[in-house]
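One structure below.
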Amino acid sequence: GKSGRKWIIETTTGSTGKPFTIVKSPSEKLIESKFLFDMRKRFYPDVNLENGFLLLQPTDNYIKSISYRGISDKKIPLILNYMFKCMPKWLLITTLLLRKLYKSIIKSNLEKKVRELRLFFIEITSQTLSLEEKVELEELFGCPIVNQFGCREVWNIAYECPCGKMHVNNKYLMVDLMDEEGKLI
């Protein structure tokens, strides 16, 4: 900015019809990041970016190079092979991509190899899972599937606790419910 302050610029996916830009300060991003890591530490106390496998906003150059957005089934074995090589302790993934990984694992008979990862948890976002899907996935991966509900504008809105309940983020966010007329409930 003109004042010399640094800003972080992010763009929404456009799920509402048109992507738009969000501008955040580094301190806002730090607060958001710290909150998410505090939530993750309830599932794995030693969680960090290096021991995670981030398939949502990846930081790893190899994962970025796969270009799996749009998620061609041909790219799934590349992701799985790299995941087995990295031996992560946790995953951050969209529900859609997790479903595709599941199908590929079953089709390729890789169930034992997946369990050998000994993941502590898988954090999903963007869609929910049915109870049946969640049970199947937790059995396959041998770890809890944790739902993180959020949006680019504020990152986390609610996070699932170890007991399986969603909790609204009241650490740095105020959530108001409104009726169809725009009045607070």
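Contact map, the range 130-152: residues that are over 29 Å from VAL175 (Cβ atoms) paired with residues that are in a helix (DSSP H, G or I) and open to solvent by less than 70 Å² (accessible area, probe 1.4 Å), Cβ distance under 8 Å, separation 6+ or inter-chain. Pairs shown: GLU136/TYR102; LEU140/TYR102; LEU140/ILE105; LEU140/GLU111; LEU140/VAL114; PHE141/VAL114; GLY142/VAL114.
Quick check: anything in the range 41-64 open to solvent by 50 Å² or more (accessible area, probe 1.4 Å) and at pLDDT below 80? The answer is yes; a qualifying residue exists.
Filtering the range 11-40 to residues that are in a helix (DSSP H, G or I) and open to solvent by 50 Å² or more (accessible area, probe 1.4 Å) leaves PRO26, SER27, GLU28, LEU30, ILE31, LYS34, ASP38.
Taking the conditions exactly as written (within 30 Å of LYS165 (Cα to Cα), among the hydrophobic types (A, V, I, L, M, F, W, C), touching an Asp or Glu at 6+ places or on another chain (Cβ under 7 Å) and not in a helix (DSSP H, G or I)), does LEU56 satisfy them or not? No, not satisfied.
Of the strands (runs of 3 or more DSSP E) lying entirely inside the range 100-185, those containing at least 1 residues that are open to solvent by 30 Å² or more (accessible area, probe 1.4 Å) are 145-151, 155-160, 166-168.
The values are calculated or read from the model by the stated rules, or taken from the named source; none is laboratory data. Predicted model only: the values in this text are computed from it and were never measured. All Cβ positions, even for glycine, are placed from backbone atoms using ideal geometry, and neighbour counts span all protein chains on display. To get the accessible areas, we keep the full protein, side chains included, count just its heavy atoms, and leave off ligands, DNA and RNA. Shrake-Rupley method; radii C 1.70, N 1.55, O 1.52, S 1.80 Å.
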